[in-house]
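Undergrad: Just dropping this structure here.
Rule-based calculations on the coordinates, nothing more; no lab input. Please read these numbers as outputs of a predicted model, since none were measured by experiment. We place every Cβ from the backbone using ideal geometry, glycine too, and count neighbours over all the protein chains shown.
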Amino acid sequence: MKNYDIAIIGGGPAGLAAAIAAKEQGIDDIIIIERDNCLGGILNQCIHNGFGLHTFKEELTGPEYAQRFIDQVNELKIPYILNSMVIDINEEKILTVVNSSDGLLEIKAKAVILAMGCRERPRGAINIPGSRCAGIYSAGAAQKFVNIEGVMPGKEIVILGSGDIGLIMARRMTLEGAKVKAVVELMPYSSGLKRNIVQCLDDFNIPLKLSHTVVDIKGKDRLEGVIIAKVDENRKPIKETEEYIPCDTLLLSVGLLPENELSTKANVELSGVTGGPQVNESFQTNIDGIFACGNVLHVHDLVDNVTIESINAGNSAANYVKGKEYGQEGIDIVAEGGVRYTVPKKINPDNIEKEIDIRFRVGEVFHDNYVSVYFDDSREIYRKKRILTPGEMETIKLNKDMLNKYPHCKKIRVTVEK
Ligand SMILES: Cc1cc2nc3c(=O)[nH]c(=O)nc-3n(C[C@H](O)[C@H](O)[C@H](O)COP(=O)(O)OP(=O)(O)OC[C@H]3O[C@@H](n4cnc5c(N)ncnc54)[C@H](O)[C@@H]3O)c2cc1C
């Protein structure tokens with residue numbers, strides 16, 4: 001068995017930023033374990049720009065953004081292993097890793113950072129009826145084919161789901177010469193960023209069909225077309241609105257799921273809403289010494305936020321190795337009134353130096369409402385927001401003065417109010 005101070009599972013932007021932060025805190029004995037054949041994670045296939053506006057104040061492509069962190073990892077001589085998949089982890093922080101050179105490898109770490117990212121929700125999870133013909137891909141798989149393998153999955157495309165990946169792929173397929181006939185969205189609003197709707201659909205005259213879904217898939221060997229229909233307020237298809245769209249490819253962009261099978265093996269408690277670990281202000285899970293950051297924690301729309309969180313997780317893991325105990329005590333943060341979840345879920349003011357970012361998403365679109373934060377029954381924050389949408393992650397800062405003002409606070413509530 002090999003021993004390390006910190007083992008990081010996943011070499012995407014989260015794992016890389018966490019590793020760099022821990023190293024800069026003076027921890028040398030780190031290992032990043034990555035199952036792919038290179039570092040960088042999902043960013044390697046995101047060749048569009050729009051990354052790093054906050055972190056570097058410039059617009060980078062995904063691979064460029066990742067490379068800045070890979071270069072730092074190399075400069076700081078942080079060890080990593082590639083083509084190595086962690087297949088097991090337990091509460092004692094013993095990891096089982098498999099790769100073709102070592103076979104099975106056991107690693108014991110004083111602290112572990114979970115940074116495994118997320119995966120796409122497949123067709124089976126959304127129960128679309130119809131034929132099981134070829135030509136149906138998840139949008140991320142299609143993105144990998146086009147951007148990494150140089151292969152086009154089809155010529156006439158319908159995309160189900162208007163999250164960021166669906167929007168980005170609508171533009172990408174168009175630029176590569178395909179005809180994107182429609183982006184079909186079940187909800188009455190897109191869950192993607194506004195800028196992506198404008199730059200990826202409007203600029204290319206691609207229709208966005210809100211409150212619609214795919215109700216049938218036609219084709220024998222290869223997809224020949226899909227039937228879409230409008231849905232009512234209960235998301236049930238309305239029969240007389242059915243419309244046939246001939247196409248050879250259906251791309252599914254119907255949600256991302258944090259990759260947490262490993263986390264559950266270590267008895268890490270997961271949120272029923274995000275599917276990611278419940279963490280405290282220091283990104284520690286309910287298991288002392290196991291931290292989580294990035295998309296494995298909750299799905300992010302901006303990688304810059306992944307980086308900020310992961311630096312904090314790396315710093316916390318480094319402090320843990322140096323002897324700091326974060327414990328499991330703290331004030332519960334409760335999501336209410338339109339707020340679906342918060343990260344963190346618990347905060348211990350003793351571990352907060354100046355301020356803490358509370359990240360959250362709302363469950364529906366709100367116009368001209370207020371985000372309120374209550375310390376028990378006292379409203380401390382009441383901030384007007386012109387628009388709140390499920391597609392955009394929101395942040396609210398709690399500072400030390402607020403926390404000191406309510407030394408006996410039991411519950412902090414984050415809510416949307418008129
Ligand atoms: C299509 C798409 C478009 C996007 N567009 C933008 C954009 O325009 N601007 C922006 O700021 N952000 C964008 N994002 C978001 C951003 O890319 C992600 O938030 C970010 O990459 C998440 O980083 P991560 O490290 O948590 O996950 P990932 O990048 O997914 O990295 C996780 C890594 O963990 C590895 N791993 C998983 N399990 C194991 C295991 N058991 N053992 C070993 N390794 C493992 C994986 O191989 C992977 O390399 C986009 C994301 C997608 C998918």
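Undergrad: Decide, for the range 329-418, between rounded, prolate and oblate: order the square roots of the alpha carbon gyration tensor eigenvalues as a ≥ b ≥ c, take rounded if a/c falls under 1.5, and otherwise choose prolate if a/b is larger than b/c, else oblate. Provide the component values of the computation, followed by the final result.
TA: On the way: a/c = 1.99, a/b = 1.76, b/c = 1.13.
Note, shape of the range 329-418 comes out prolate.
Undergrad: Summing Lys, Arg as +1 and Asp, Glu as -1, what charge do residues with Cβ under 9 Å from the Cβ of Ile30 carry, Ile30 excluded?
TA: Values: positive: Lys23; negative: Asp5, Asp28, Asp29.
Neighbourhood net charge equals -2.
Undergrad: So for Cys118, Cys38, fewest C-beta neighbours within 10 Å to most, what's the order?
TA: Working: Cys118 24, Cys38 13.
The order, fewest Cβ neighbours first, is Cys38, Cys118.
Undergrad: Which value, in debye to the nearest 20, describes the size of the charge dipole of the range 122-254 about its Cα centre when Lys and Arg Cβ atoms bear +1, Asp and Glu Cβ atoms bear -1, and nothing else is charged? Walk me through the numbers before you get to the answer.
TA: Numbers: 18 positive and 16 negative charges, 38 e Å.
Magnitude of the dipole: close to 180 debye.
Undergrad: Give me, ordered by chain and number, the residues 5 or more places off Asp216 or on other chains with an amide H under 5 Å from its own placed amide H.
TA: Sorted by chain and number, the residues that satisfy this are Ile227.
Undergrad: Also, quick follow-up: Which is farthest toward the positive dipole end of the chain among Phe204, Phe69, Ile381, measuring Cα position about the Cα centre, with Cβ charges +1 (Lys, Arg) and -1 (Asp, Glu)?
TA: Phe204
Undergrad: Please compute one quarter of the surface area of the Cα convex hull for the range 224-323 and express it in square nanometres. All intermediate terms of the calculation are to be shown ahead of the outcome.
TA: Working: hull surface 38.9 nm².
If I average the Cα hull's projected area over directions, I get 9.7 nm².
Undergrad: List, in the order given, every pair from Lys179/Lys218; Lys322/Lys411; Lys93/Lys265; Lys93/Lys345; Lys194/Lys385 whose Cα-Cα distance in the structure shown is over 20 Å.
TA: Working: Lys179/Lys218 18 Å; Lys322/Lys411 30 Å; Lys93/Lys265 11 Å; Lys93/Lys345 23 Å; Lys194/Lys385 15 Å.
Those over the limit are Lys322/Lys411; Lys93/Lys345.
Undergrad: Amide H to amide H under 5 Å from Phe283: which residues, 5+ apart in sequence or cross-chain, H placed 1.01 Å off N in plane?
TA: none
Undergrad: Tell me, what is the Rg over Rh of the range 122-254, with Rh the Kirkwood radius over Cα pairs?
TA: Taking Rg over the Kirkwood Rh, I get 0.94.
Undergrad: Rounded to the nearest Å, what's the spacing between the alpha carbon centres of the range 23-94 and the range 296-319? Just the number, please.
TA: 12 Å
Undergrad: Okay, next question. Restricting to Cα pairs below 8 Å that are 6+ residues apart, what does the relative contact order work out to for the chain? Please round to a whole percent.
TA: On the way: 1004 pairs, mean separation 65.9, N = 418.
For the chain, the relative contact order is 16 percent.
Undergrad: For n ≥ 4 DSSP H runs only, could you compute -39500 (n - 2.57) per run for the chain, divide by its residues and tell me the 222 nm figure to the nearest 500?
TA: Details: 7 runs with 74 residues, N = 418.
Mean residue ellipticity, 222 nm, calculated: -5500 deg cm²/dmol.
Undergrad: Whole-Hz Karplus ³J(HN,Hα) for the range 342-348, in order, using 6.51 cos²θ - 1.76 cosθ + 1.60 and θ = phi - 60°, x for Gly and Pro?
TA: Calculated HN-Hα couplings, in order: 10, 10, x, 9, 8, 9, 10 Hz.
Undergrad: Find the relative contact order for the range 51-198 and round it to a whole percent, using C-alpha pairs within less than 8 Å whose residues are 6+ positions apart. Mind showing how you got there, number by number?
TA: Numbers: 133 pairs, mean separation 16.6, N = 148.
The normalised contact order for the range 51-198 reaches 11 percent.
Undergrad: So if I place +1 on the C-beta of Lys and Arg and -1 on the C-beta of Asp and Glu, and nothing else carries charge, what would the dipole magnitude of the range 37-95 be about its Cα centre? I want it in debye, nearest 20. Could you put the intermediate results ahead of the total?
TA: Numbers: 4 positive and 8 negative charges, 22 e Å.
Dipole of the range 37-95, to the nearest 20 debye: 100 debye.
Undergrad: Right, next: How much of the calculated P(r) for the chain lies past 43 Å, in percent of all Cα pairs? Present the calculation step by step, with values, prior to reporting the outcome.
TA: Values: 12573 of 87153 pairs.
Pairs farther apart than 43 Å: 14 percent.
Undergrad: Shifting gears a bit: Using +1 at the C-beta of Lys and Arg and -1 at the C-beta of Asp and Glu, which of Asn234, Tyr189, Leu403 has the Cα lying farthest in the positive direction of the dipole of the chain?
TA: So the residue furthest toward the plus end is Asn234.
Undergrad: Counting DSSP beta bridges in the range 1-144, what percent are antiparallel, to the nearest 5? Walk me through the numbers on the way to the answer.
TA: Values: 12 of 25 bridges.
About 50 percent, rounded to the nearest 5.
Undergrad: Which FRET efficiency value, to the nearest 0.05, is calculated for Asn37 and Lys265 with the Förster distance at 22 angstrom and r the Cβ-Cβ distance? Walk me through the numbers on the way to the answer.
TA: Details: r = 25 Å, r/R0 = 1.12.
Using R0 = 22 Å, I get an efficiency of 0.35.
Undergrad: Right, next: Nothing charged except the Cβ atoms of Lys and Arg (+1) and of Asp and Glu (-1): what's the magnitude of the dipole of the chain about its Cα centre? Round to the nearest 20 debye.
TA: On the way: 50 positive and 58 negative charges, 153 e Å.
It comes to approximately 740 debye.
Undergrad: Next question, about the same structure. Got a sec? How would His212, His408 order by Cβ neighbour count within 10 Å, fewest to most? Walk me through the numbers before you get to the answer.
TA: On the way: His212 23, His408 7.
Ordered by Cβ neighbours within 10 Å, fewest first: His408, His212.
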